[in-house]
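S.K.: Input: one structure, supplied below.
What follows draws every value from the coordinates through simple rules; no lab data is involved. Nothing here was measured: the structure is a model prediction, and the numbers come from that model. Every residue, glycine as well, gets a Cβ built from its backbone with ideal geometry; the counts of neighbours run over all protein chains shown.
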Amino acid sequence: MVALEKLEIWVTRLNDWVLVVFKWLLIALLATMLLIVDVAVFMRYVMNDALAWSEEIAKFVMVWLTFIAAPIGLRMGAHVGIEILVGTIKGRLRQLILVLIFTGVIGLMFVFVKEGTFMTWNARIQTASTIDISILYVYICMPIGSFMVAMVALELLINAVRGVLDPRLARTPAGHDLVQAE
């Protein structure tokens, strides 16, 4: 039991640090996408001169936003499907179902990391159609984001295992109460 607690503390601290970096990256990416789309709209409708690259770059940024936001959403309990499934169940049964869910999430993320890495490596020779950058820089967000989803799921899995052993030890994920209150 002490080993599980120490492992959970270590994984939680690592996740805390990485997710703070991800939050700032999200802010930067969102600001970048907003700026690109605003400039593109201005150029198209005011200056009557569309930017060829704006739509493609905005799509690339949106892909990055998705994979960087996913571990933050999981950590906060913002993934609706998980809460709907276990929201009304309490005690050890809830924790056991969470163990199964987070084990499945980790397994799926392992596949995403493996296949995403393969896709990223194969895409290194392709370039975007409107700007001269490798598609590798777009695809690399999949293994990075999927790995972090797996790390957050590992943290939540350890917490759920501790909750199966003693339901009083299970804690609410950070930010979970904020999400439910909205």
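S.K.: Order these by the 10 Å Cβ neighbour count, fewest first: Glu56, Glu8, Glu155, Glu115.
M.R.: Glu115, Glu56, Glu8, Glu155
S.K.: Under 13 Å from the Cβ of Val41, count the other residues' Cβ atoms, weight Lys and Arg +1, Asp and Glu -1, and hand me the total.
M.R.: Around Val41, the surrounding residues sum to -2.
S.K.: Also, quick follow-up: Quick check: pseudo-label points 7 Å beyond the Cα along Cα→Cβ at Trp10 and Leu169, how many nm apart are they?
M.R.: Spacing of the two 7 Å Cα→Cβ label points: 1.6 nm.
S.K.: Using a Förster distance of 35 Å, how high is the FRET efficiency between Met47 and Ile131, based on the Cβ-Cβ distance and rounded to 0.05?
M.R.: The value I calculate is 0.95.
S.K.: Right, another one. Which value, to two decimals, describes the C-alpha radius of gyration of the stretch 30-126 once divided by 2.2 N^0.38 Å?
M.R.: Rounded to two decimals, the normalised Rg is 1.59.
S.K.: Using mean Cβ contacts within 10 Å as the protection proxy, how do 158-170, 140-152 order, highest first?
M.R.: Highest mean packing first, the order is 140-152, 158-170.
S.K.: Semi-axes of the equivalent ellipsoid of the chain: what are they in whole Å, largest first, if each equals the square root of 5 times a C-alpha gyration tensor eigenvalue?
M.R.: 38, 19, 13
S.K.: Springs between alpha-carbon atoms under 10 Å, Gaussian network over the chain: tell me which of Thr66, Thr32, Thr88 tops the mean-square fluctuations.
M.R.: Of the options given, Thr88 has the highest mean-square fluctuation.
S.K.: Could I ask something else about it? Could you size up the charge dipole of the stretch 2-181 around its Cα centre, putting +1 on the beta carbon of Lys and Arg and -1 on that of Asp and Glu, and report it in debye to the nearest 20?
M.R.: 660 debye
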